[in-house]
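The values are calculated or read from the model by the stated rules, or taken from the named source; none is laboratory data. Nothing here was measured: the structure is a model prediction, and the numbers come from that model. Using ideal geometry, Cβ is built from the backbone for each residue, glycine included, and neighbour counts are taken over all protein chains shown. Areas reflect the complete protein model, heavy atoms only, side chains present, ligands, DNA and RNA absent. Shrake-Rupley method; radii C 1.70, N 1.55, O 1.52, S 1.80 Å.
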Amino acid sequence: MDRFDVALEMITAAGAVLRQCHLKQTEIGQKTGPQDLVTFWDRKIERQLRSAIQAAFPQDSIVGEEYPPEESCGGSVTWYLDPIDGTTNFVNQHRNYAISVGCWEGGTPLFGLVLDVERQELYWAKHGGGAWQDDRPLQVSPCREIAEMLLTTPGIQYTFLEPHPRQQQLLRLAQNVRAVRSLGSVALELCEVAAGRADAFVTMRSSPWDHNAARIILEEAGGAIFTMEGAPLPLNQKSTVLGLNHADLKDQFLREA
Ligand code: 2AM
Ligand code: CA
C-alpha cells in the first residue's frame, strides 16, 4: 500500500471508533482551562494513527497535537495529525468534528484527508489531482464581492472578541460581509471554502495539525491560503490563517481586515 492508501484505511478505521464511542465525563480533561479540552479519545485515536504510520513507514516523521513530535529516521516525509479537530464539538455536540491527516515531503504537499466523522464525509486531495468530497470534485465559489461573501471562523472569541492588533479591522470585515458563520473546526471550515459553501475563512489561532491537511484540499479546489499578514502559511508553526476562494482577493481582504 502507498501512503495515501494507508492514510485512507487508518482514517476510516479511526472514524468508526469515534462514531461508536460513548464519551464519559471522566474521560474529559482540561489542558489550560475550560475552553481548552482534551479527551481520552483524542489521545487514543492519535496513538492509533501513529501506530499505523510507524508500522508502514518507520522512516517518516509525525507531528500530532497530543504527543511530542516523532523525529524522522532519515526520511523526508512528515505526517500532520489531528485526531479530533473540534474537540469542543466532540464533547458538547458529538458532531461537527474531524480527523485531519496531512502528508508532506519537505515543503511539498503530497495529500490531505479530512473526515467529517459523524456525517461520514471524506474531503481529500492529492497534489495536482484536484479536491474531492468522497467521489465528487470540489470547486471554490466564484464570489469576488466582499459584500456577498460568507465568512467562516472557528473561534469567535479569540478572533473577534479578544484584543489583538487586527481586531478592529476584523470587526469591520465582519460587518461588511454578507454573513459570518462558525462551525468550530479549522479543518472542516477550510473544507467549506473548498466546497464553495463558504467564501473565506479567518482565525487568529491555528496549529500545523489543524490546517496542514485542509490547506491542500483548499488549494486543489482553486482557493488560496495565507497568514493574516498575507505571508505564506508556515508548515511547522502555529499561525493566524486567512483562507480565500481566490488568491486575487488577498490584497482587498487585508485592506479591509
Ligand atoms: P482543536 O479542536 O483540535 O483544539 C476551534 O477552536 C478550532 O480552532 C478547532 O479547530 C481547534 O482545534 C482550533 N484551535 C487551534 N488552536 C486553538 C487554541 N489555542 N484554542 C482554541 N482552539 C484552537
Ligand atoms: Ca485536536
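If you scan the stretch 171-206, which residues turn out to be within 12 Å of ligand 1 (Cβ to nearest atom) and either aliphatic (A, V, I, L, M) or open to solvent by 10 Å² or more (accessible area, probe 1.4 Å) (or both)? Residues satisfying the conditions are 182, 183, 184, 186, 187, 188, 190, 202, 204, 205. Examine the stretch 181-190 for a residue that is touching a Lys or Arg at 6+ places or on another chain (Cβ under 9 Å), within 14 Å of ligand 2 (Cβ to nearest atom), in a loop (DSSP other than H, G, I, E, B) and not β-branched (Val, Ile, Thr), and state whether such a residue exists. Scanning the stretch 181-190 turns up no residue that is touching a Lys or Arg at 6+ places or on another chain (Cβ under 9 Å), within 14 Å of ligand 2 (Cβ to nearest atom), in a loop (DSSP other than H, G, I, E, B) and not β-branched (Val, Ile, Thr).
Looking across the stretch 234-250, the residues that are open to solvent by less than 10 Å² (accessible area, probe 1.4 Å) and either farther than 26 Å from residue 87 by Cβ or not β-branched (Val, Ile, Thr) (or both) come down to 242, 243, 244, 245, 249.
Among the residues of the stretch 67-86, those identified as surrounded by 24 or more Cβ atoms within 10 Å (Cβ to Cβ) and acidic (Asp, Glu) are 82, 85. Taken together, the residues in the stretch 32-57 that are part of a helix (DSSP H, G or I) and either surrounded by 15 or more Cβ atoms within 10 Å (Cβ to Cβ) or in contact (Cβ under 8 Å) with a residue 12 or more places away in the chain (or both) amount to 15. In the set 96, 89, only one residue is touching a Phe, Trp or Tyr at 6+ places or on another chain (Cβ under 6 Å), within 12 Å of ligand 1 (Cβ to nearest atom) and either within 25 Å of residue 225 (Cβ to Cβ) or at pLDDT below 95 (or both); that residue is 89.
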